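See structure below.
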Amino acid sequence: MHIKLNDRPVLQRLDDGLVLCRSTTDDADALAEFNSRVHSDFGFDQPDLRVEAWTRDLLTRPHPTFHVDDFTIVAEAASGRMVSSTNLISQTWAYEGIPFGVGRPELVGTLPEYRNRGLVRLQFEEVHKWSLERGELVQGVTGIPFYYKLFGYEMGLELGGGRTGYEAQLPTLKDGESEPFTIRPAAEADIPFLVEVYAHACQRRLITCVRDEAIWRYNLTGQSEKNVDRLEVRIISRAGTNEPVGYFTHPWFVWDTGLIANHYELKEGVSWLEVSPSVARYLWQAGETCWKQEGKPGVRTTYSFWFGSEHPSYNIFRDRLPRLRDPYAWYIRVPDLPAFLRHIAPALERRIAESAIVGYSGSAQVSFYRSGLRLAFERGRLTTVEPWQPKPGEGGQAAFPDLSFLQLVFGYRAFEELEQSYADCWYTNDETRVLLNTLFPKKASSVMFVN
């Protein structure tokens, strides 16, 4: 886990004999080993080869958004021993169809003996700077509870979760009945179909990830076999005609007690009631195959649809997926909230135009206690979004503690839910309540992010 510093540019020299620098292709082996050990669920001495493959792919294979110097490394200046690292995976998300840049810190890790020295904070300051330089309005990270709140993030976007069924709930074919839909691995020729179906599916969601042909191609052909984030992409077709009707994805390994599907979409006009039983049967059968290939003891006992809290298939399979797994959450950071709100103004104005306050004119001062925001509208148009600093005794027309307002902006929680969760979240009048509920309704998101 040593790197060659040589004449490599140093971003910062630290007082305790450490240096901060950026990665090169020569660091692939060292970073792969470092991450495989630091991020292993089996202990430092049992490296996770799937994480190793992911790291190596980022540094040695073409990627649609990631560059070889997008890792930060903190190393001992004298020996070159790596002690801490993270990276930034840039991507584009969308807010009700409005694209915006996102920087995603990942593979955040530090050797145990170097923790609690501020090394992650140092590197986050660096990757936040990169993200700003790239014009990214938001940063998002997935990780352990609470930790990333230390760096200006708020848990504000649904992550994962879903429903699980057992053999007793599995839909079965009648005697003599053949499978009405076939399922096969996706090929490069299927990419235009994947793009089309995915774009249709995004209309149901508030926050989505923009996925062009290059990103789908990377998913299909760009990742090594053992990469922990590689997904098996499957095309669903009508038996007999081979007409493609949808797709789903699942990890190449079993998760928990069986195989999970983590994305599942159908093209417009296709019935979820018709197709979903075939997907469930595939997961059950393929789960058994994966279980045996991995040499796990016993047998798989479940199949799972992990599509977040809302998905059309849940209504179809309510009784066939009895075990619920609550979603976790993305950490979201918005360093310039007025700029982000100005960027998504078309969505906010559309919500007003389609609401009971169509043509609204007025303003609201929203307090975050140590800072605030002023919003002004003229005939349904957002005319002003600017920082507002509450003076002693000033409360504004509504208040949200800490960064909880981001939960509202990203549709993660409704205004009323935040009021119930925070005693210091409130509003002064019905006009403000209706305005905020109109601008920021609770709505499910699904981010098929770039790894």
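The values are calculated or read from the model by the stated rules, or taken from the named source; none is laboratory data. Everything numeric in this text was worked out from a predicted model, so none of it was measured. Heads up, the Cβs are rebuilt from the backbone with ideal geometry, glycines too, and the neighbour counts pull from every protein chain shown.
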Quick one: is TYR369 in contact with an Asp or Glu (Cβ under 8 Å, 6 or more places away or on another chain) and modelled with pLDDT of 95 or more?
yes
Complete set of residues in region 326-345 that are crowded, with 16+ Cβ neighbours inside 10 Å and in contact with an Asp or Glu (Cβ under 9 Å, 6 or more places away or on another chain)
PRO327, ALA329, TRP330, TYR331, ILE332, ARG333, VAL334, PRO338, ILE344
Check off (1) crowded, with 20+ Cβ neighbours inside 10 Å; (2) not assigned by TED's automatic domain parsing to the domain that holds GLY246 for PRO401 and give me the number that stays unchecked.
(1)
Scope region 20-37; condition touching an Asp or Glu at 6+ places or on another chain (Cβ under 8 Å) and either without any contact (Cβ under 8 Å) to a residue 60 or more places away in the chain or within 12 Å of VAL83 (Cα to Cα) (or both); matching residues:
LEU20, ARG22, THR24, ALA32, GLU33, ASN35, SER36, ARG37
If you take the residues of region 390-412 that are touching a residue at least 40 places away in the same chain (Cβ under 8 Å) and in a loop (DSSP other than H, G, I, E, B), which of them is nearest to LEU159 (Cα to Cα)?
TYR412
Take TRP255 and tell me if it is outside the structural domain of TRP54 (by TED's automatic domain parsing), at pLDDT below 95 and closer than 24 Å to ALA444 by Cβ.
yes
Scan of region 141-155 for residues that are at positive phi and either among the basic types (Lys, Arg) or without any contact (Cβ under 8 Å) to a residue 60 or more places away in the chain (or both), ordered by number:
PHE146
Assess whether THR164 counts as being at pLDDT 95 or above, crowded, with 18+ Cβ neighbours inside 10 Å and of a type in the set (S, T, N, Q).
yes
Residue list for region 101-140, filter: free of Cβ contacts under 8 Å to residues at least 40 places away in the same chain and of a type in the set (D, E, K, R):
GLU113, ARG115, ARG121, GLU125, LYS129, GLU133
Is one or more of the residues making up region 299-318 under 27 Å from GLN203 (Cα atoms) and exposed (fewer than 14 other Cβ atoms within 10 Å of the Cβ)?
yes
Give region 239-268 a look and list any residue that's farther than 23 Å from TRP291 by Cα and free of Cβ contacts under 8 Å to residues at least 40 places away in the same chain, or say none.
GLY240, THR241, GLU243
Can you tell me which residue among ASP45, ASP57, ASP41, ASP69 is assigned to a helix (DSSP H, G or I) and either assigned by TED's automatic domain parsing to the domain that holds ARG121 or within 19 Å of PRO105 (Cα to Cα) (or both)?
ASP57
